[in-house]
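The values are calculated or read from the model by the stated rules, or taken from the named source; none is laboratory data. Please read these numbers as outputs of a predicted model, since none were measured by experiment. Positions of Cβ are generated from backbone atoms using ideal geometry, with glycine treated the same way; all protein chains shown enter the neighbour counts. Heads up: the accessible areas ignore ligands, DNA and RNA and are worked out on the full protein's heavy atoms, side chains in. Shrake-Rupley method; radii C 1.70, N 1.55, O 1.52, S 1.80 Å.
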Amino acid sequence: MAAFTSRSTTLIAFAVILAVLSGAAEAQLSANFYAKSCPNLATIVRQGMMAAVQREPRMAASILRLFFHDCFVNGCDGSLLLDGTNSEKAAGPNANSARGFEVIDAIKTQVEASCRATVSCADILALATRDGVNLVGGPTWSVPLGRRDSRAAFQSLANANLPGPGSSLATLIRMFGNQGLNARDMTALSGAHTIGRSQCQFFRSRIYTETNINGSFAALRQQTCPRSGGDGNLAPLDVTTADAFDNAYYTNLVQRRGLFHSDQELFNGGSQDTLVRQYSTNPGQFNADFIAAMVKMGNLKPAAGTATEIRLNCRKPN
């Protein structure tokens, strides 16, 4: 009888633990999630991003891209950060282009030294993204926290869910809509292309074959992106202020100087033309909509049943 009681007590305790873990995975995010468990978190992440951006201003854009590419694949669960044969890093949209993983690793090391096994890699990425944007002149915002890390990556979803630089407006609206983000969210989030660089291979077709492009802009880009070869040659996504987060991206679109086909699709006689014009003349409206869309995207959760944890190393499950 005593053995049975002990076993029952153990099973009940185990069930309670599972319920707590499940509840943690499904809990609402909160900006104060680590206020007691890791009070120095914001400072650690900010200092890590300051060092990274001082070394290379482009890193702000690289981290922002990681966050977007993570959240669009089974929610914001840090799955993009995992190494392995089925990694999202090796998916088409990320292979040889996603970068900045070592910055997240370095911040994670500092966070672990301060608060062991407490903060998820997904939350570190969300905070690092916010700080990167702010450090290059963009707005700041309160980041909801409490995400957990996936124990697995989803390479096939990465190949299916991430819109490419050749996407049409209809495709962009549909793919963002699949994530619960509307057309306004999509147009605001596309403003992330006000910072960063792209490889020639991703915009070559636009600068040589498309007609809705400013002639002098096309000629400028052709100087470093030949018709063949030079696939990895870089060009700024925003020709006006390449490393400053501002609304110049939209001004460029109005002037037909979008680098990607998908960029110019936002201002090409379609449904987003009016909003692009508004953003091009009203940076405050752009910043407000960008923040709202970033928080909305950051709230994307893993699919039900996803195994999650607080990873000790962002590159592998515990």
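Each peptide in 108-121, 212-225 receives the mean, over its residues, of other Cβ atoms within 10 Å, and ordering these scores from highest gives 108-121, 212-225. In this Cβ point-charge picture (+1 for Lys and Arg, -1 for Asp and Glu), the range 159-318 has a dipole of about 340 debye about its Cα centre.
Quick one: net charge around residue 127, please, counting Lys, Arg +1 and Asp, Glu -1 for every other residue with C-beta under 11 Å from its C-beta.
Numbers: positive: 46, 130, 147; negative: 123, 131.
Charge balance in the 11 Å sphere: +1.
Per residue, the average separation of C-alpha pairs within less than 8 Å and at least 6 apart gives the chain a relative contact order of 24 percent. Computed from point charges on the beta carbon alone (+1 for Lys and Arg, -1 for Asp and Glu), the dipole magnitude for the chain about its Cα centre is near 240 Debye. Per-residue packing, averaged as other Cβ atoms within 10 Å, sorts the ranges 144-157, 165-178 into the order 144-157, 165-178, beginning with the highest. Its relative contact order, with pairs defined as Cα atoms under 8 Å and 6+ residues apart, puts the range 60-164 at 43 percent. Computed with a 1.4 Å probe over protein heavy atoms only, the accessible surface of the range 169-244 comes to 44 Å² per residue.
Across the options 313, 285, 76, the greatest Cα extent toward the positive end of the charge dipole of the chain (unit charges at beta carbon of Lys, Arg, Asp, Glu) belongs to 313. Note on percent of Cα pairs over 34 Å apart: of the candidates [x] 18; [y] 25; [z] 29, the value calculated from this structure sits at [y].
If you count, for each residue, the other Cβ atoms within 10 Å and average over each peptide, how do 88-99, 273-284, 242-253, 53-64 line up from highest to lowest? Walk me through the numbers on the way to the answer.
On the way: 88-99: 18.3, 273-284: 16.3, 242-253: 22.2, 53-64: 20.5.
Going from most to least packed, we get 242-253, 53-64, 88-99, 273-284.
Can you give the net charge of the other residues whose Cβ lies under 12 Å from the Cβ of residue 264, counting K and R as +1 and D and E as -1? Charge balance in the 12 Å sphere: -1. How about residue 108: which lysines have a C-alpha closer than 23 Å to its C-alpha, ignoring those fewer than 8 places off in the same chain? Once the sequence-local lysines are set aside, what remains near residue 108 is 36, 89, 301, 316.
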